[in-house]
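Everything below concerns the one structure shown next.
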Amino acid sequence: MNTADLGLPVDVPSTALFTDQYEFTMLQAALRAGTADRHSVFEVFTRRLPEGRRYGVVAGTGRVLDAVENFRFDADVLGFLREHDIVDEPTLRWLSTYRFTGDIWGYPEGEVYFPGSPILRVEGSFAECVLLETVILSILNHDSAIAAAASRMAAAAGGRPLIEMGARRTHELAAVASSRAAYVGGFTSTSDLAAGFRYGIPTVGTSAHAFTLLHDSERDAFEAQVASLGSGTTLLVDTYDVTRAVRTAVEVAGTGLGAVRIDSGDLLLVAHRVRQQLDELGATGTRIVVTSDLDEYAIASLAAAPVDAYGVGTQLVTGSGHPTCSMVYKLVARARSADPKAPLQPVAKKAMGGKTSIGGRKWAARRADEHGVAEAEVVGTGAVPPELADRQLLVELVKGGDVVAREPLDAVRERHITARGALPMSAMQLSRGEPVLPTEYV
């Protein structure tokens, strides 16, 4: 799989510079000190969920696997590091043959997570693992934030289709990643063709207000669109007068008109009026699609409206107010020496201000009640209790440097629907609250 699958330009040959300089200066110092080869365990987790959120969504794992595979140092990358005196020549020689040969375990993509959940575990030499920190965090923090927002919107939509329409509201590469993450979180389609091309996400789109304004009349615009796309198309009816536009749309396309789109005004009131008018005109099967700066709260407010689908842009691709998940990548265990047989020693940062972490390689399981509803996230470093043995969450993703768990995006999307459905009903509440599951450390 090449870098195009990451949502990157095809002329970017490597992900090795999607990182911070201190990863390389730490590497150089560790190589000089003789500690670079110590077996190490890093974990990705978050100390808290974004304020008011009740669960998080793991997204971007597939992109992380691609990034690890493409983390290589070709001549151009090495030349940049040499030219700018980032690292010394011995370090450059070490980097010239870099390939991650360790193991990665993690929550499967689409799963939900909570504070302290060991979302990803990266294990190998310190040198190999430390270089991956920034690229892993940049992907997981972004994609998981978008997927969490998408999941909340999908829950609010109550099964009605959601269209991702945020490409013009974010960076062009972030737009592709956002479409993928939104699909994981429950959206059904995207307007972004690059996302459709790279990830197979269904794409949709018909016309904007500019198309109506181009023509001498709204009728001319509708006739042109129907002639090109057929009567099953979606006609935008709020350029001028909505009532007149709906009438014209049915006159032009017939009662078999596919849908009308409303992009402004009091959506609740307008949707009811448009539905009544469509039914009176005999277009009872014509769907109503609403857009216009929607978020999960606006979608929830339209639950009783005769709306068939929602298009969401800005609020989705910005995480609906929370564009990152504050995930961190911390060393939790390391060997006392470079000897392959040296035992692992738990290590942890001790600091003021809530930035402490818990040392040791961790497992995680989700305990359920007698009805199968999740009741706690259990995280431990010792033996897994027998009653939780078949409820462990981490799966093997990379073994000896080889990806072993790549999967179709539709499977990831279905996993999220299942995981969200196993949470207590209060997880679907949009009001601010604490994480729906407590994290228990054993």
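At pLDDT below 95, of a type outside the set (Ser, Thr, Tyr) and in contact with a strand residue (DSSP E or B) (Cβ under 9 Å, 6 or more places away or on another chain): does that describe Pro306?
Values: at pLDDT below 95: no; of a type outside the set (Ser, Thr, Tyr): yes; in contact with a strand residue (DSSP E or B) (Cβ under 9 Å, 6 or more places away or on another chain): yes.
Criteria not met by Pro306.
If only one of Glu434, Glu377, Glu396 is among the acidic types (Asp, Glu), assigned to a strand (DSSP E or B), open to solvent by 30 Å² or more (accessible area, probe 1.4 Å) and at negative phi, which one is it? Going through Glu434, Glu377, Glu396 in turn, the sole match is Glu396. When region 406-429 is limited to residues that are out of contact with any Gly (no Cβ under 9 Å at 6 or more places or on another chain) and part of a loop (DSSP other than H, G, I, E, B), the one that is most open to solvent (accessible area, probe 1.4 Å) turns out to be Gln429.
Out of curiosity, is Arg47 free of Cβ contacts under 8 Å to residues at least 60 places away in the same chain and among the charged types (D, E, K, R)? Taking the combined requirement at face value, the residue does not satisfy it. Taking each residue of region 270-297 that is free of Cβ contacts under 8 Å to residues at least 60 places away in the same chain and looking for partners that are open to solvent by 70 Å² or more (accessible area, probe 1.4 Å) and not aromatic (Phe, Trp, Tyr) with beta-carbon atoms closer than 6 Å, six or more apart or interchain, yields Gly282/Thr255; Ala283/Thr255.
Has region 233-249 got any residue that is over 17 Å from Leu269 (Cα atoms), open to solvent by less than 60 Å² (accessible area, probe 1.4 Å) and assigned to a helix (DSSP H, G or I)? Within region 233-249 (the criterion being over 17 Å from Leu269 (Cα atoms), open to solvent by less than 60 Å² (accessible area, probe 1.4 Å) and assigned to a helix (DSSP H, G or I)), the answer is yes, since at least one residue qualifies. Among the helices (runs of 4 or more DSSP H) lying completely within region 9-120, list those that include at least 1 residues that are touching a strand residue (DSSP E or B) at 6+ places or on another chain (Cβ under 7 Å) and open to solvent by 20 Å² or more (accessible area, probe 1.4 Å). Where helices (runs of 4 or more DSSP H) fall fully within region 9-120 and carry at least 1 residues being touching a strand residue (DSSP E or B) at 6+ places or on another chain (Cβ under 7 Å) and open to solvent by 20 Å² or more (accessible area, probe 1.4 Å), they are 61-69.
Does Gly359 satisfy the criteria of being assigned to a loop (DSSP other than H, G, I, E, B), of a type outside the set (A, V, I, L, M) and surrounded by 14 or more Cβ atoms within 10 Å (Cβ to Cβ)? Give the steps one after another, and end with the answer.
Numbers: assigned to a loop (DSSP other than H, G, I, E, B): yes; of a type outside the set (A, V, I, L, M): yes; surrounded by 14 or more Cβ atoms within 10 Å (Cβ to Cβ): yes.
Taking the combined requirement at face value, the residue satisfies it.
Looking at region 160-173, can you tell me whether even one residue there is part of a helix (DSSP H, G or I), open to solvent by less than 10 Å² (accessible area, probe 1.4 Å) and in contact (Cβ under 8 Å) with a residue 40 or more places away in the chain? Checking region 160-173: not a single residue is part of a helix (DSSP H, G or I), open to solvent by less than 10 Å² (accessible area, probe 1.4 Å) and in contact (Cβ under 8 Å) with a residue 40 or more places away in the chain. Across region 321-339, the qualifying residues are those that are touching a strand residue (DSSP E or B) at 6+ places or on another chain (Cβ under 7 Å) and either assigned to a loop (DSSP other than H, G, I, E, B) or open to solvent by 80 Å² or more (accessible area, probe 1.4 Å) (or both), and the one among them that is farthest from Val130 (Cα to Cα) is Cys325.
Looking at Gln315, Gln345, which is the one that is open to solvent by 30 Å² or more (accessible area, probe 1.4 Å), modelled with pLDDT of 95 or more and closer than 30 Å to Val289 by Cβ? Don't jump to the end; show me each part of the working.
Numbers: Gln345 fails: closer than 30 Å to Val289 by Cβ.
Only one candidate qualifies: Gln315.
The values are calculated or read from the model by the stated rules, or taken from the named source; none is laboratory data. In this text the structure is predicted, and so the values were computed from the model without any measurement. Heads up, the Cβs are rebuilt from the backbone with ideal geometry, glycines too, and the neighbour counts pull from every protein chain shown. Each accessible area value is taken on the protein alone, full model and side chains, heavy atoms only, with ligands, DNA and RNA left out. Shrake-Rupley method; radii C 1.70, N 1.55, O 1.52, S 1.80 Å.
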